[in-house]
1. For residue 44, work out the one condition from (1) in contact with a helix residue (DSSP H, G or I) (Cβ under 6 Å, 6 or more places away or on another chain); (2) not in a helix (DSSP H, G or I) it doesn't fulfil.
2. Has the stretch 97-108 got any residue that is closer than 30 Å to residue 51 by Cβ, modelled with pLDDT of 90 or more and assigned to a helix (DSSP H, G or I)?
3. Of all residues in the stretch 27-45, count the ones that are surrounded by 14 or more Cβ atoms within 10 Å (Cβ to Cβ) and in contact with a strand residue (DSSP E or B) (Cβ under 7 Å, 6 or more places away or on another chain).
4. Look at the stretch 123-144 and say how many of its residues are in contact with a helix residue (DSSP H, G or I) (Cβ under 7 Å, 6 or more places away or on another chain) and within 14 Å of residue 84 (Cβ to Cβ).
5. When the stretch 90-108 is examined, which residues are found to be touching a helix residue (DSSP H, G or I) at 6+ places or on another chain (Cβ under 9 Å), surrounded by fewer than 21 Cβ atoms within 10 Å (Cβ to Cβ) and within 14 Å of residue 149 (Cα to Cα)?
6. Please pick out the residue among 138, 118, 111 that is surrounded by fewer than 16 Cβ atoms within 10 Å (Cβ to Cβ), modelled with pLDDT of 95 or more and more than 27 Å from residue 203 (Cβ to Cβ).
């Protein structure tokens, strides 16, 4: 996520990028990152010795990896791009999750809002990374994000408008059981205030 890396470098942060790929597999990207001041930790042991103050977990990375749990125990803040974005987004956010139909629903919703004259920013699993452009988002704009269970599992700030398309067993190779999967999805509405709205599929089909 080069835009996110550049955002933190611009803010004066000391950035370490960790990747299980080797330098050879990264190719010219490794040189590019080092040239702009990024420290690289690559290869099989890329998650060893996580001592950074703030650790950004990628969406597909299991929340309870032993290395991440150890980092939390040492006092590191383990977060994600979407968590921080939802905390600081200046405009109304529409969030879409579910086992199936997320991308279609997100796309249709964004088109409807655009047709209504809104400036719409689409992100999450589709579109572009939104945190690096958060300063360009105006209070009267709207954001539509497609959110997976991996992104939602640690979210503490729900979108103002949430949509759940359906629920069925999914990603149980990553989640420890179906209940953890359900609990992760529930975060899309669990932290709404009294003005929040949630749209559910009554038939769950």
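The values are calculated or read from the model by the stated rules, or taken from the named source; none is laboratory data. If you're wondering where the values come from, they're calculated on a predicted model, not measured in any experiment. Note that each Cβ is placed from the backbone with ideal geometry, even for glycine, and that neighbours are counted across all protein chains shown.
1. All conditions pass for residue 44, except number (1).
2. Filtering the stretch 97-108 for residues closer than 30 Å to residue 51 by Cβ gives none.
Within the stretch 97-108, none of the residues are closer than 30 Å to residue 51 by Cβ, modelled with pLDDT of 90 or more and assigned to a helix (DSSP H, G or I).
3. Here is the first cut: in the stretch 27-45, the residues surrounded by 14 or more Cβ atoms within 10 Å (Cβ to Cβ) are 29-30, 33, 38, 40-43.
Okay, now just the ones that are also in contact with a strand residue (DSSP E or B) (Cβ under 7 Å, 6 or more places away or on another chain), so 30, 33, 38, 40-42.
Residues in the stretch 27-45 being surrounded by 14 or more Cβ atoms within 10 Å (Cβ to Cβ) and in contact with a strand residue (DSSP E or B) (Cβ under 7 Å, 6 or more places away or on another chain): 6 in total.
4. Number satisfying all stated conditions: 6.
5. 99
6. Numbers: 118 fails: surrounded by fewer than 16 Cβ atoms within 10 Å (Cβ to Cβ); 111 fails: more than 27 Å from residue 203 (Cβ to Cβ).
After applying the criteria, what remains is 138.
Every residue, every condition in (1) in contact (Cβ under 8 Å) with a residue 40 or more places away in the chain; (2) in the same structural domain as residue 155 (by TED's automatic domain parsing); (3) surrounded by 16 or more Cβ atoms within 10 Å (Cβ to Cβ); (4) farther than 25 Å from residue 147 by Cβ, yes or no:
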residue: 25; (1), (2), (3), (4): no, no, no, yes
residue: 47; (1), (2), (3), (4): no, no, yes, no
residue: 60; (1), (2), (3), (4): yes, no, no, no
residue: 69; (1), (2), (3), (4): no, no, no, no
residue: 86; (1), (2), (3), (4): yes, yes, yes, no
